[in-house]
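Derivation of every value follows stated rules applied to the coordinates shown; laboratory data play no part. In this text the structure is predicted, and so the values were computed from the model without any measurement. Neighbour counts are summed over all protein chains in view; Cβ atoms, including those assigned to glycine, are modelled from backbone coordinates with ideal geometry.
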Amino acid sequence: MAGYNVKQRIIEHYDVLSPYYRSLWGEHLHHGYWESGAETKEEAQTALAALLAKTANIQPRASILDVGCGFGGSSFFLAKRYDASVIGLTISSIQAAMARQAAKNLNSTAQFLVMDADYLSFLGTFDVIWSIEAISHFANKTDFFTQVAQMLKPGGKLALIDWFKRVGLTEAEQRRYITPIERGMLVELKSLSDYSEVVDATGLEIIEARDLSERCSKTWDLSASLIKDPALWQLASAQGIQFVRFLRSFNAMRRGFASGCFVYGMIVAQKNSEI
């Protein structure tokens, strides 16, 4: 059975909805990380990027490839905090244009390219390959991780946060809690251990594999309140069934978190420094 993460649908989804996403989520197109619970959404989103960067021990002036960069939030954060040389990649030309305009407004050195992550084509290597909430969209995750291992410098780091599902779900749990997320968000969910096994098979050493769900689930409590506006549903109806499914999947995300069937996790891995 074909999955819901069909590439052309994903491109169209982000091309059409990115301006809406930007107004809804802000600069960072990802979950927040709440330590006290009192943080604003924007503070929590920045905290998530900071957590991943700290766990990966990113060094000043690192060369970083931000895969699935969205509007450039992580790229701007990394370029500013670490004086890093950052290239952001997105499959959406609309997102790339928005990120480039934001870079100009912020006077940021981050650069942005339209590129399909299934076919990465770069000369040279990177200190860090970074990805937040993008790999679950990819059709061939194994090939992506193989490319990552080749593109990292010796001692380089893979730093990723993504959407996962709990190991050992029953068919009923998959159907009730995971399939509505996959359909609405155009993703294919694997487990943290699935990713870890594939990453390990490329020769990278897993440094950290952590479930962040407890501190990130509040994202969807906030998001659910944002979609109560009737005008938003009128816009969704005008855009077509995929946007309607997307909005409906907000509640599916809340159910997935509450059931424990959906997992929001982080993996950091390192390439052997002698390779």
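General observations
- Zone residues, the range 20-39, relative to Ala231, backbone N less than 18 Å from point 7 Å out along Cα-to-Cβ: 20-26
- Exposed loop sites were defined as GluC sites (Glu not before Pro) in DSSP loop states (anything but H, G, I, E or B) carrying at most 12 other C-beta atoms within 10 Å; in the chain the longest segment without such a site runs 36-273.
- The range 125-202: translational diffusion in µm²/s, Stokes-Einstein, Kirkwood Rh over Cα pairs, 37 °C, 0.692 mPa s: 242
- Relative to the 2.2 N^0.38 Å rule of thumb, the chain has a C-alpha radius of gyration ratio of 0.95.
- Efficiency of FRET from Cβ geometry, Ser273 and Thr40, R₀ 30 Å, rounded to 0.05: 0.15
- About its Cα centre, the chain has a charge dipole of approximately 540 debye under the convention of +1 per Lys or Arg Cβ and -1 per Asp or Glu Cβ, with nothing else charged.
- Cα centroid separation - the range 136-151 against the range 221-236, whole Å: 34
- The gain in end-to-end length when the Arg22 to Asp118 segment is fully stretched comes to 32.1 nm, 0.36 nm per residue minus the alpha carbon separation.
- The chain, relative contact order in percent, only Cα pairs under 8 angstrom and at least six apart counted: 21
- Just so you know, the Rg over Rh for the range 159-242 is 1.06, from Cα atoms, with Rh as the Kirkwood radius.
- Relative contact order (%) - criterion: Cα under 8 Å, at least six apart; region: the range 69-178: 22
- Pairwise Cα distances in the range 144-189 exceed 17 Å in 51 percent of cases.
- The fraction of all Cα pairs in the range 1-148 landing in successive 10 Å bins from 0 to the largest distance is 11, 41, 37, 10, 1, given as whole percents.
- Furthest towards positive pole of dipole, Met266, Ser237, Asn57, structure part the chain, Cβ charges: Ser237
- Shape analysis of the range 1-77 yields a ratio of the Cα radius of gyration to the Kirkwood radius, Rg/Rh, of 1.04.
- Taking the Cα centre of the range 1-64 as reference, the dipole from Cβ charges on Lys and Arg (+1) and Asp and Glu (-1) amounts to some 260 debye.
- Between Glu214 and Asp143, the C-beta separation translates, for a Förster distance of 30 Å, into a calculated FRET efficiency of about 0.40.
- Bridge type composition, the chain - antiparallel percent by DSSP, nearest 5: 45
- Sequence-separation-based contact order of the range 74-139, relative, with Cα cut under 8 Å and 6+ spacing, percent: 31
- Mean shadow area of the range 83-221, taken as a quarter of the surface of its Cα convex hull (nm²): 10.3
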